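Asks: What follows is a single structure, and I will ask about it in a moment.
The values are calculated or read from the model by the stated rules, or taken from the named source; none is laboratory data. Keep in mind that this is a model prediction, so the values were computed, not measured. For neighbour counting, all protein chains shown are included, and Cβ atoms are generated from backbone atoms with ideal geometry for every residue, glycine included.
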Amino acid sequence: MRPSPGTGNDQEDARGLVLRFLDGDVRADPYPLLNRIREAGPVWLGDGVVVLSSHAHCEAALHAAEDAPASAAGCPVSAARLRSAVDRAFPADAVTGLAPLVRSLVDDRLDSVATRGRLEAVSDLAHPVPMAVLSHLLGLPAGDAQWLHRRASALAPALDLGQAPTGAETSGDSAARRAETELAAYLAEAVADRRRRTGGDDLLSRLIRADEHGERLNDAEAVSAGLLLLASGYETTSALVSGGILALLRAPHEIDTLRRDPAHARHLVEETLRLDPPLQVVRRRAGTDLDLPGTRVPRGTVTVLLLAAAHRDPAVAASPDVFAPGGASPHLAFGAGPHHCPGAPLARLIARTVLVRFAQRALAPRFALGSPSYRPTAALRGLRALWVDADGFAPRDLPWQPPAA
Ligand code: HEM
């Protein structure tokens, strides 16, 4: 068993690979680099930080106790308290009831591009649909979607690990802080509004209302919960939607399968999550000493978990780099253990619905202009734009079943 931190040439090389990945050198295809990092084993970035990338190491670290939760939004209020309030106010089974709304939002978007014959999957579908659903959940006016989109998008660099290895602050960090301040002020007004007119059924109203155990959030906590949902749920779901459409365009036979069998959307979405996960990296702080296969991580160490590398670990995937919907390869795209993503059912519903309706309504969809480009963030893998040509769009009144939960 090798104690921390590692030394020697192999570790030097591996550190170089990790920094190249985090610096964003390889946006178009980070996976060959991620595979090399995983093959190198745990990589120590100085004393207090270790990069883990095998499936077994990432899974064990996700399940382990944490010192100070470093969850997606880096929330100032007790993360555990927020998490339990979100779980109570937003139970997984509530998502099923959103299926007709999600379907109708997707169809509205496809209607709006039908006359053009070409769509830009990110701005026409992947951004507006998740934002409309999250706004609906939080009871925010539909007319604020563009304003919210700009701020919530600016939060994405905050998911990055710039500060962890280098300590440096980037311009993205300050834009993210500004966006967070503006969103917090906006949500504070929304919460004050819910206090004035009691009885609302949106998520913010439910968070500040006492539940059957008499528990409720105060105003600052409700604002933090709203921020957490927007920061954790918006760009990630958007990236899954655009990544799913990209996967379909790369494997057009899957579009035919999906038309014949809408339940196939489930496999397509899971395989997109495995092969091209929206959140490529998460960061934790070990709350106990971790005895991992082949390495020991002392309590207090920051663990940087390369989920995107773990998903292609040959130890758990038969053909790690091949897009094979319906295969049995597992993924950790929604995390695992105590911080497992509470929004996973919603993200899955949105992504499956978009893929089904896209396959059913876009006639002979294919790549249009150029190759897809990616945002510069490393932790969040999101397409910047994805142009799609089609021979037309079928009408929205086709028979339709909500994708199975
Ligand atoms: C494809 C879309 C999504 C992906 C890939 C994703 C991924 C993740 C991951 C990996 C974590 C665990 C982070 C960690 O362990 O530190 C997480 C946590 C979280 N996610 Fe998601 N998420 C998605 C969508 C959503 C949605 C739609 C919502 C809410 C509406 C949401 C809300 C949250 C929250 C609140 C947490 C923090 C949970 C905690 O710390 O206990 N996510 N997500």
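Asks: Residue by residue through the range 229-251, note down the ones that are farther than 15 Å from Val354 by Cβ and either of a type in the set (A, V, I, L, M) or out of contact with any Pro (no Cβ under 8 Å at 6 or more places or on another chain) (or both).
Replies: Within the range 229-251, Leu229, Leu230, Ala231, Ser232, Arg250, Ala251 qualify.
Asks: Moving on. Output the residues belonging to the range 83-100 that are more than 18 Å from Leu204 (Cβ to Cβ) and either outside any helix (DSSP H, G or I) or within 13 Å of the ligand (Cβ to nearest atom) (or both).
Replies: Ala92
Asks: Ok, one more. Which of (1) surrounded by 14 or more Cβ atoms within 10 Å (Cβ to Cβ); (2) touching a residue at least 24 places away in the same chain (Cβ under 8 Å) does Ala28 not meet, given it meets every other one?
Replies: With respect to (1) surrounded by 14 or more Cβ atoms within 10 Å (Cβ to Cβ); (2) touching a residue at least 24 places away in the same chain (Cβ under 8 Å), Ala28 is out only on (1).
Asks: Any residue at all in the range 237-250 that's out of contact with any helix residue (DSSP H, G or I) (no Cβ under 9 Å at 6 or more places or on another chain), surrounded by fewer than 20 Cβ atoms within 10 Å (Cβ to Cβ) and in a helix (DSSP H, G or I)?
Replies: The initial filter retains those residues of the range 237-250 that are out of contact with any helix residue (DSSP H, G or I) (no Cβ under 9 Å at 6 or more places or on another chain), namely 250.
Now restrict to residues that are surrounded by fewer than 20 Cβ atoms within 10 Å (Cβ to Cβ): 250.
Narrowing further to those that are in a helix (DSSP H, G or I): 250.
Within the range 237-250, one or more residues are out of contact with any helix residue (DSSP H, G or I) (no Cβ under 9 Å at 6 or more places or on another chain), surrounded by fewer than 20 Cβ atoms within 10 Å (Cβ to Cβ) and in a helix (DSSP H, G or I).
Asks: While we're on this one: Could you list all residues from the range 171-221 that are charged (D, E, K, R) and part of a loop (DSSP other than H, G, I, E, B)? If you could, list the steps in order and put the result at the bottom.
Replies: We begin by selecting, within the range 171-221, every residue charged (D, E, K, R); these are 173, 177-178, 180, 182, 189, 193-197, 201-202, 206, 209, 211-212, 215-216, 219, 221.
Scanning the range 171-221 gives Arg197, Asp201, Asp202, Arg209, Asp211, Glu212, Glu215, Arg216.
Asks: Being basic (Lys, Arg) and surrounded by fewer than 17 Cβ atoms within 10 Å (Cβ to Cβ) is the filter here; which residues of the range 109-131 pass it?
Replies: At the first step, the residues of the range 109-131 found to be basic (Lys, Arg) are 109, 116, 118.
The answer is Arg116, Arg118.
Asks: Inspect the range 293-316 for any residue being among the aliphatic types (A, V, I, L, M) and in contact with a Phe, Trp or Tyr (Cβ under 6 Å, 6 or more places away or on another chain) and give the result as yes or no.
Replies: From the range 293-316, those among the aliphatic types (A, V, I, L, M) are 297, 302, 304-310, 315-316; that's our starting set.
Those still in the list that are in contact with a Phe, Trp or Tyr (Cβ under 6 Å, 6 or more places away or on another chain) too: none.
No - not one qualifying residue is present in the range 293-316.
Asks: Considering the range 356-366 alone, what residues qualify as being surrounded by 22 or more Cβ atoms within 10 Å (Cβ to Cβ) and either among the aliphatic types (A, V, I, L, M) or free of Cβ contacts under 8 Å to residues at least 60 places away in the same chain (or both)?
Replies: Correct list: Val356, Ala359, Ala362.
Asks: If you don't mind, there's one more thing I want to ask. Hey, any hits in the range 315-322 for a residue that's among the small types (Gly, Ala, Ser), in contact (Cβ under 8 Å) with a residue 12 or more places away in the chain and more than 16 Å from the ligand (Cβ to nearest atom)?
Replies: Residues of the range 315-322 that are among the small types (Gly, Ala, Ser), as a first pass: 315, 317-319.
Narrowing the set further to residues that are in contact (Cβ under 8 Å) with a residue 12 or more places away in the chain leaves 315, 317.
When the remaining residues are screened for being more than 16 Å from the ligand (Cβ to nearest atom), the result is 315, 317.
The answer is yes; a qualifying residue exists.
Asks: Something else about it: What are the residues in the range 321-355 that are more than 30 Å from His136 (Cα to Cα) and either among the aromatic types (Phe, Trp, Tyr) or crowded, with 19+ Cβ neighbours inside 10 Å (or both), if any? Please lay out each step first, then the result.
Replies: Just the residues of the range 321-355 that are more than 30 Å from His136 (Cα to Cα), to begin with: 321-330.
Result: Phe323, Pro325, Ser329.
Asks: Among the strands (runs of 3 or more DSSP E) lying completely within the range 268-312, list those that include at least 1 residues that are out of contact with any helix residue (DSSP H, G or I) (no Cβ under 7 Å at 6 or more places or on another chain) and either among the basic types (Lys, Arg) or crowded, with 23+ Cβ neighbours inside 10 Å (or both).
Replies: Numbers: elements: 281-285, 290-292, 295-297, 302-306.
It comes to 281-285, 295-297.
Asks: If you check Leu148 against the conditions, is it surrounded by 16 or more Cβ atoms within 10 Å (Cβ to Cβ), at pLDDT below 95, at negative phi and not acidic (Asp, Glu)? Spell out how you get there, then give the answer.
Replies: Values: surrounded by 16 or more Cβ atoms within 10 Å (Cβ to Cβ): yes; at pLDDT below 95: no; at negative phi: yes; not acidic (Asp, Glu): yes.
No; evaluated as a whole, the condition is false for this residue.
Asks: Further, regarding this structure: For the range 50-69, name all the residues that are within 17 Å of Ala379 (Cβ to Cβ) and modelled with pLDDT under 95. I'd like the intermediate steps shown before the answer.
Replies: Of the residues in the range 50-69, the ones within 17 Å of Ala379 (Cβ to Cβ) are 50-53, 58, 61-62, 69.
Scanning the range 50-69 gives a single hit, Pro69.
Asks: Name the residues in the range 331-344 that are over 21 Å from Leu246 (Cα atoms) and either more than 7 Å from the ligand (Cβ to nearest atom) or of a type in the set (S, T, N, Q) (or both), would you?
Replies: Initially, the range 331-344 is screened for residues over 21 Å from Leu246 (Cα atoms), giving 335-343.
Matches in the range 331-344: Ala336, Gly337.
Asks: Can you tell me which of (1) farther than 14 Å from Leu349 by Cα; (2) at pLDDT 95 or above is the one Leu273 doesn't meet?
Replies: Just one mismatch for Leu273, condition (1).
Asks: Which of the residues spanning the range 111-147 are in contact with a Phe, Trp or Tyr (Cβ under 8 Å, 6 or more places away or on another chain) and within 17 Å of Val241 (Cβ to Cβ)?
Replies: Of everything in the range 111-147, those that are in contact with a Phe, Trp or Tyr (Cβ under 8 Å, 6 or more places away or on another chain) and within 17 Å of Val241 (Cβ to Cβ) turn out to be Val113, Leu119, Glu120, Ala121, Leu125, Pro130, Met131, Leu134, Leu137.
Asks: Since Glu59 meets every condition but one in (1) within 25 Å of Pro372 (Cα to Cα); (2) within 21 Å of the chain's Cα centre (by Cα); (3) in a helix (DSSP H, G or I), which condition does it not meet?
Replies: Exception for Glu59: condition (1).
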